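Single-structure report; data block below.
Every read-out reported here was derived from the displayed coordinates using simple, explicitly stated rules and does not represent laboratory data. Keep in mind that this is a model prediction, so the values were computed, not measured. So basically every Cβ, Gly included, is an ideal-geometry build from the backbone, and we count neighbours across all protein chains shown.
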Amino acid sequence: SKLWQARFFTTVNHLRDLPATHVPEIAFAGRSNAGKSSAINVLTNQKGLAFASKTPGRTQHINFFSIGGAHVAMHRKDETNVDEIQALLVDLPGYGYAEVSGTAKLHWQRLLGDYVQRREQLAALVLIMDSRRPFTELDIQMLEWFAPTGKPIHCLLTKVDKLNRNEATNALRQARQVLDSYEDEEGNPFPFTVQLFSSLKRVGLDEADAKILELLGL
Ligand code: GDP
């Protein structure tokens, strides 16, 4: 897959530092521990790609990974040729850390809220939720920020390997019901898709890969 080309691009902690790129981005959001890093790593076929976001002090950062930039091998091996980048994958900070203080929470709210509502290059959102506990309060917050933009959301109900067939079918149906209740600013139906996923068992991998590439126009 083209997603296997993903390479670390940059990390930002303030909106003013967002990269001045002109390529489509797709952002991965989710409650901490939902399985976001595992999903990014399996989709990009790289074990440690979404690992930096977990190192202490980095949990509140937005990490960008580039697709399609040929590596400039001449001087610095890890430098990407910005002109050749076709798209960016964006790993948003996981939300819902119990230990996050009041000010850190406010910073999170502003950073994520402003990013998903205002970033023009943002083409779509991938919302990652544990299929056993979807739509936590902060997932709903994310939907409420993003739905008015009218841009599409693709939901991964992950860790589906922990559910039996009946539970999985129910999780999918209930998720569709919740997502059906949102609309954009003009009252149009909200363009969402939802699927079952497991990083561990590689369930839904092809479907997610195809969807992400489609949303990025790749
Ligand atoms: P993040 O905080 O959202 O980035 O979550 P991680 O990707 O680090 O995953 C959190 C925990 O869930 C880890 O212990 C993973 O091994 C586990 N996990 C992630 N994805 C799956 C999955 O598809 N199936 C199962 N059974 N466990 C998973």
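Pick from L106, L138, L18 the residue whose mean-square fluctuation is largest in a GNM of the chain, springs joining Cα atoms under 10 Å. Result: L106 has the largest fluctuation of those listed. For the residues K36, K151, K162, a GNM of the chain with alpha-carbon springs under 10 Å puts the largest fluctuation on K162. A cut-off under 11 angstrom between Cβ atoms defines the neighbours of L200, and their net charge, with Lys, Arg +1 and Asp, Glu -1, is +3. Computed over the range 2-216, the alpha-carbon pair-distance distribution with 10 angstrom bins reads 8, 35, 38, 16, 3, 0, each value a whole percent.
GNM on the chain, alpha-carbon springs under 10 angstrom: the most fluctuating residue among T11, T44, T103 is T103. Taking the C-alpha atoms only, the angle from helix 165-180 to the longest principal axis of the chain is near 80 degrees. Between the helical axis of 102-118 and the dominant principal axis of the chain, each derived from Cα atoms, what acute angle in degrees is found, rounded to the nearest 10? Helix 102-118 and the main axis of the chain meet at about 80 degrees. Going from the fewest other Cβ atoms within 10 Å to the most, the residues T10, T169 appear in the order T169, T10. Relative contact order of the chain, taken over Cα pairs closer than 8 Å and 6 or more residues apart, is 23 percent.
Against the main long axis of the alpha-carbon atoms of the chain, helix 205-216 sits at an angle near 60°.
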